[in-house]
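Worksheet for the structure shown next.
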Ligand code: UDX
């Protein structure tokens, strides 16, 4: 099938590359010509494991351009995967979505096209996109667009760091439209994933025991709500274990064991019960805020989702409180942060707890040293004014530090020469913000080990 993807961020680029790998003819459009040039040269503008390899393998079926006229006209399916960043009042800014819908209306020229909202958009946006495409088409072509296209929603559930795996070996595929024909087109598009008939890349082996991928084929509003409800549920699962973690700490329970003990109940599940500093990233904060805002538009409140946000906010404050309890005075102290990215295996700093924590510590008069194995360059570009000491290595962060905080549980931090690090520090205190380190081992090396819960 001929596929056009508008927007080459995490979602668009992953989706485009995977669909090209599956044999579809894909054109990715992005208004950022620098990004397009990089992609044409075979370079990935984002850090995502295995993406360069898959881009290379899919390259015969993959084109990149900044020009709508090169991808939109004869496409069977057009994905809108542009950013919907939060605006000043917290609601998603839809200007890129609007521009994409207008561009599609201006350029599409086939008997039938499915326009798919892949970006996370407010519930009801499918209808809105449809009306913009229609108006733009009629304005530019001078005739009615009615039977020539329909709008569908196809939310993504990929996690940064495992985006390709999550796309190729999805837990489920959700497609929503009020037009049966577009559901059939999308069913054909996703068939290789649904039936798992493609040859898996050698570096992304098919997980053992994976069978057919379930398809949820539904109406537009349900598909849109599924996305928000899923992300909010994951966010509140994390906040729940963090709330229980506070109690665990008081009663002397081990939160990791508690999480395992409850998670092995198949009704609960073990995943997303990792207690710690809490969630960051581009999705959970934005989507929980949007869900609350949408509920309010209908005169409803969403107290469970609100509580999940509040608990998450407090987790970051607890880092400062714990350091204060330990060091008594924060002014003049040197605190080292290990990890800046909002989670391992990405260089994404959006809503990253490290930024918040660094700011709070600086406000308290601390000197803050930071390190991240991958996100340093991005950090310098995004936060040039944040007054921290950027270090090349974790060892340099430890030098003369009064305490270290593990903010992002990068694999390499587990393997650090901790014994040596302890000797470099002024006081060997480690606050394990992800409960990811070996308490017994670190204590043996002379560390005062503090978990975030329990
Ligand atoms: C999320 C959703 O998982 C994905 O389905 C959606 O499409 C986009 O948003 P992402 O933000 O990439 O993906 O990362 P995710 O792995 O969900 O982690 C989000 C945050 O939660 C990270 O900061 C992570 O450190 C934190 N987290 C995750 C926990 O604190 N505990 C956990 O148990 C799991």
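A short reminder: the numbers here are calculations on the coordinates, not readings from a lab. Note that the coordinates shown come from a computational prediction; the quantities given were computed from them, not determined experimentally. Backbone-built Cβ (ideal geometry, glycine too); neighbour counts: all protein chains shown.
In terms of other Cβ atoms within 10 Å, 147, 118 run from fewest to most in the order 147, 118.
A simple packing score, the average count of other Cβ atoms within 10 Å per residue, orders the peptides 5-11, 328-334 as 5-11, 328-334, with the highest score first. Between residue 250 and residue 2, the FRET efficiency from the beta-carbon distance, with R0 = 60 Å, is close to 0.50. The alpha-carbon positions of the chain define a convex hull whose volume is 156 Å³ per residue.
Only helices enter the 222 nm calculation for the chain: every DSSP H run of n ≥ 4 contributes -39,500 (n - 2.57), and dividing by all residues gives -13500 deg cm²/dmol, rounded to 500. Counted over all Cα-Cα pairs of region 2-218, pairs farther apart than 32 Å make up 13 percent. Placing dummy labels 7 Å off each Cα toward the beta-carbon, the span from residue 147 to residue 400 is 7.8 nm. What would the Debye equation give as log₁₀ I(q)/I(0) for region 331-454 at q = 0.13, 0.15, 0.21, 0.22 Å⁻¹, counting only Cα atoms as equal point scatterers? For region 331-454 at q = 0.13, 0.15, 0.21, 0.22 Å⁻¹, log10 I(q)/I(0) is -0.45, -0.61, -1.23, -1.35.
With each label modelled as a point 7 angstrom along the Cα→C-beta vector, the residue 362-residue 313 pair spans 2.1 nm.
Peptides 36-46, 340-350, ordered by how many other C-beta atoms sit within 10 Å of their residues on average, highest first, read 340-350, 36-46. For the pair residue 95 and residue 324, label points projected 7 Å from Cα toward Cβ lie 3.9 nm apart. Rg/Rh, computed from the Cα trace of region 1-88 with Rh as the Kirkwood radius, has the value 0.95. Taking the longest Cα principal axis of the chain as reference, the axis of helix 10-21 is set at about 60 degrees.
Equivalent ellipsoid of region 330-378: semi-axes from √(5λ) of the C-alpha gyration tensor, largest first, are 21, 10, 7 Å. For the chain, the longest principal axis of the alpha carbon atoms and the long axis of helix 125-141 meet at an angle near 40°. Here region 17-31 is scanned for amide nitrogen atoms under 20 Å from the site 7 Å beyond the Cα of residue 199 along Cα-to-Cβ, giving 17-26. Note on region 73-199: Cα Rg divided by 2.2 N^0.38 Å, N the number of residues, gives 1.11. Residues 135, 351, 310, arranged from fewest to most other Cβ atoms within 10 angstrom of their Cβ, appear as 310, 135, 351.
Within region 303-401, all pairs of alpha-carbon atoms sorted by distance into 10 Å bins from zero give the percentages 15, 45, 32, 7, 0. Round to the nearest 10 and give me the degree value, 0 to 90, for the angle of helix 303-327's Cα axis relative to the longest principal axis of the chain. For 303-327 against the chain, the angle is about 30 degrees. For region 2-218, the relative contact order works out to 19 percent when only alpha carbon pairs closer than 8 Å and six or more residues apart are counted.
With a Förster radius of 45 Å applied to the C-beta separation of residue 419 and residue 38, the computed FRET efficiency comes to 0.60.
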